[in-house]
């Protein structure tokens with residue numbers, strides 16, 4: 001169950017990165033709503049990370065959490081924010097995914 005919480009925490013990390021990007025691209029009231037969504041996503045992500053580190057090793061949990069966040073944020077940037085999908089970006093994201101999967105495999 002802790003791994004599920006960790007995956008959800010990573011997805012909320014992607015959410016807070018996306019909300020921060022939208023808050024920076026908007027103005028006025030809309031920007032405030034995106035910032036509030038950022039705070040909510042950040043809070044949920046951190047609370048779930050704290051919950052998982054009670055049973056999973058902190059090094060593994062943090063690496064997986066940031067890995068999910070990094071991969072998800074790059075993919076969001078490519079598909080939603082139209083950032084470039086160069087060979088090297090895809091190559092390194094793939095190695096990051098393999099590394100996160102490897103940590104899951106070698107952990108309890």
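The values are calculated or read from the model by the stated rules, or taken from the named source; none is laboratory data. The shown structure was predicted, so the numbers you read here are calculated from the model rather than taken from an experiment. Neighbour counts run over all protein chains shown; Cβ positions are idealised from the backbone, glycine included.
Let's see how each residue does on (1) at pLDDT below 95; (2) within 26 Å of residue 107 (Cα to Cα); (3) assigned to a loop (DSSP other than H, G, I, E, B):
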site: 3; (1), (2), (3): yes, yes, no
site: 12; (1), (2), (3): no, yes, no
site: 21; (1), (2), (3): yes, no, no
site: 46; (1), (2), (3): no, yes, no
site: 54; (1), (2), (3): no, yes, yes
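Residue pairs whose Cβ atoms lie under 6 Å apart, separated by 6 or more positions or on different chains, with the first residue in segment 87-108 and farther than 17 Å from residue 73 by Cα and the second modelled with pLDDT under 95 and part of a helix (DSSP H, G or I), are 103/60; 103/63; 103/64; 107/60. Set side by side, the residues 77, 28 differ, and just one is surrounded by 14 or more Cβ atoms within 10 Å (Cβ to Cβ), over 18 Å from residue 98 (Cβ atoms) and out of contact with any helix residue (DSSP H, G or I) (no Cβ under 7 Å at 6 or more places or on another chain), which is 77. Of the candidates 65, 88, the single residue that is surrounded by fewer than 17 Cβ atoms within 10 Å (Cβ to Cβ), in a helix (DSSP H, G or I) and out of contact with any strand residue (DSSP E or B) (no Cβ under 7 Å at 6 or more places or on another chain) is 88. Taking (1) surrounded by fewer than 16 Cβ atoms within 10 Å (Cβ to Cβ); (2) farther than 18 Å from residue 107 by Cα in turn, residue 37 satisfies each apart from (1). Would you say residue 97 is at pLDDT 95 or above and part of a helix (DSSP H, G or I)? Judged against the criteria, residue 97 is not a match.
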